[in-house]
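Colleague: One structure is given below, represented as structure tokens, and several questions about it will come after.
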Amino acid sequence: MRKILFPLVIALAGCLSSCSDDGDALPAKKEYFTLWNSCEALNALQEYVEDVTDPNSGNYIKEEDRIATFDMDGTFIGELYPTYFEYNLLEYRVLEDETYRNSAPDDVRETAQEIRDFVRNGTPLPAHFDMKHAQAAAKAYAGMTIAEFNAYVKAYASQPANGFTGMTYGQSFYKPMLQVFDYLKANGFTYYVVSGSDRLICRALVEAVGIEPNRVIGMDVKLKSSSQGEETGVNYTMGKEEDLVRTDELIIKNLKTNKVLQITQEIGKVPVLSFGNSSGDCAMHNYCLSNKHKSAAFMLIADDDVRDHANREKALTLGMQWFEAGYHVISMKDDFKTIYGSEVEKTDFTF
């Protein structure tokens, strides 16, 4: 389907070229992007960066305004083993973790079971499940200190990734996308992770690739001091020996327009580059494209059903949709020489 439909749309639009291993990129470009094939999205990114970092260009952007935002799941880290990391983690916490499962509230248990039924039986998730999951997750980890939760996430992430050999969950980064981080950093950009997943989960995962915790924005729950009780933070003074703990109160699920609101609150500037993979990132992309500076948005599609667990037909349909919306489309199948590394192989899921 890709060979017939998607390139046809691209050719008719007159702005994308088919991807191949050949190309006439400058040596400096190849040094940063050794894991990429030559393609429209990569060419567009490099041409953009070269333009806005050239002091003689009318599109020059000062370093302090070179802000890039990245979704996490499905944009630079795997989300198909066999669903989001944070969904897998909640399922494990509630249905398998001997230290918690017998004390899980009924609504939390119901949510975890719905994830399991979706993964194992293909049972559709209920409407607005993202919010139901967020509220259940807030309850499931309530009472954990920040350090305890960080260790809990990393312990689960150290397990072998379901559906692959040679990789743990915590190693499941899209290696070509990590080269984008390196390239942007070298050209004076500051990049932020803006995810729908729990902020503290994101921090624990991206630490491995050198992303600082203050550059991570995600779903948030209310925190409190370990001895605070029912008093509000306005009325309570935290002691030196106290820890911060998670509560069961959800503050925000960081999806769609909420991503824009959080970017505005925490960064205070409109990004000039935006990277995502789903409709939950469209608001962030559109906000970026409203920038007074020259800007660009990129959508990655999971169309590689050989090296990854992907619904290729759905991905190609989305690719055409993103292209028509004015976003550059990154094809995992055509644009990436590798996804997770040559030592990683796709296998059947096991349950």
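Colleague: Regarding segment 74-88, can at least one residue be identified that is outside any strand (DSSP E or B), aliphatic (A, V, I, L, M) and touching a helix residue (DSSP H, G or I) at 6+ places or on another chain (Cβ under 8 Å)? Talk me through it step by step, then tell me what you get.
Modeller: Taking segment 74-88 as the starting set, the residues that turn out to be outside any strand (DSSP E or B) are 74-76, 78-88.
Add one more test, that the residue is aliphatic (A, V, I, L, M), and what stays is 80.
Checking which are touching a helix residue (DSSP H, G or I) at 6+ places or on another chain (Cβ under 8 Å) leaves us with none.
There is no residue in segment 74-88 that is outside any strand (DSSP E or B), aliphatic (A, V, I, L, M) and touching a helix residue (DSSP H, G or I) at 6+ places or on another chain (Cβ under 8 Å).
Colleague: Looking at Asn88, is it of a type outside the set (Lys, Arg) and closer than 22 Å to Thr123 by Cα?
Modeller: yes
Colleague: Which one of these does Glu207 not meet: (1) at pLDDT below 95; (2) of a type in the set (D, E, K, R); (3) closer than 25 Å to Gln262 by Cβ?
Modeller: (1)
Listed here are the residues, each with its yes/no results for (1) surrounded by fewer than 23 Cβ atoms within 10 Å (Cβ to Cβ); (2) touching a strand residue (DSSP E or B) at 6+ places or on another chain (Cβ under 8 Å); (3) closer than 25 Å to Tyr60 by Cα.
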{"position": "Asn277", "(1), (2), (3)": "no, yes, no"}
{"position": "Leu300", "(1), (2), (3)": "no, yes, no"}
{"position": "His328", "(1), (2), (3)": "yes, yes, yes"}
{"position": "Lys333", "(1), (2), (3)": "yes, no, no"}
{"position": "Lys346", "(1), (2), (3)": "yes, yes, no"}
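Colleague: Moving on to the next point. Quick check on segment 96-117. Is at least one of its residues in contact with a helix residue (DSSP H, G or I) (Cβ under 8 Å, 6 or more places away or on another chain), assigned by TED's automatic domain parsing to the domain that holds Tyr141, closer than 23 Å to Ala302 by Cβ and not in a helix (DSSP H, G or I)?
Modeller: Within segment 96-117, not a single residue is in contact with a helix residue (DSSP H, G or I) (Cβ under 8 Å, 6 or more places away or on another chain), assigned by TED's automatic domain parsing to the domain that holds Tyr141, closer than 23 Å to Ala302 by Cβ and not in a helix (DSSP H, G or I).
Colleague: Give just the number: which of (1) touching an Asp or Glu at 6+ places or on another chain (Cβ under 9 Å); (2) assigned to a loop (DSSP other than H, G, I, E, B); (3) farther than 30 Å from Lys222 by Cα; (4) touching a residue at least 40 places away in the same chain (Cβ under 8 Å) does Glu343 not satisfy?
Modeller: Of everything listed in (1) touching an Asp or Glu at 6+ places or on another chain (Cβ under 9 Å); (2) assigned to a loop (DSSP other than H, G, I, E, B); (3) farther than 30 Å from Lys222 by Cα; (4) touching a residue at least 40 places away in the same chain (Cβ under 8 Å), Glu343 misses just condition (1).
Colleague: Can you confirm whether segment 51-61 contains a residue that is surrounded by fewer than 21 Cβ atoms within 10 Å (Cβ to Cβ) and of a type in the set (D, E, K, R)?
Modeller: Yes, segment 51-61 has at least one match.
Colleague: When you go through Ile67, Ile61 one by one, which is the residue that is in the same structural domain as Lys294 (by TED's automatic domain parsing), modelled with pLDDT of 95 or more and touching a His at 6+ places or on another chain (Cβ under 7 Å)?
Modeller: Answer to the check: Ile61.
Residues checked against (1) in a helix (DSSP H, G or I); (2) of a type outside the set (A, V, I, L, M, F, W, C); (3) free of Cβ contacts under 8 Å to residues at least 12 places away in the same chain:
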{"site": "Leu261", "(1), (2), (3)": "yes, no, yes"}
{"site": "Phe275", "(1), (2), (3)": "no, no, no"}
{"site": "Gly280", "(1), (2), (3)": "yes, yes, no"}
{"site": "Cys288", "(1), (2), (3)": "yes, no, no"}
{"site": "Phe298", "(1), (2), (3)": "no, no, no"}
{"site": "Glu313", "(1), (2), (3)": "yes, yes, no"}
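The values are calculated or read from the model by the stated rules, or taken from the named source; none is laboratory data. Just so you know, these numbers come straight off a predicted model, no measurement behind them. Cβ coordinates were reconstructed from backbone atoms using ideal geometry, including for glycine residues, and neighbour counts include every protein chain displayed.
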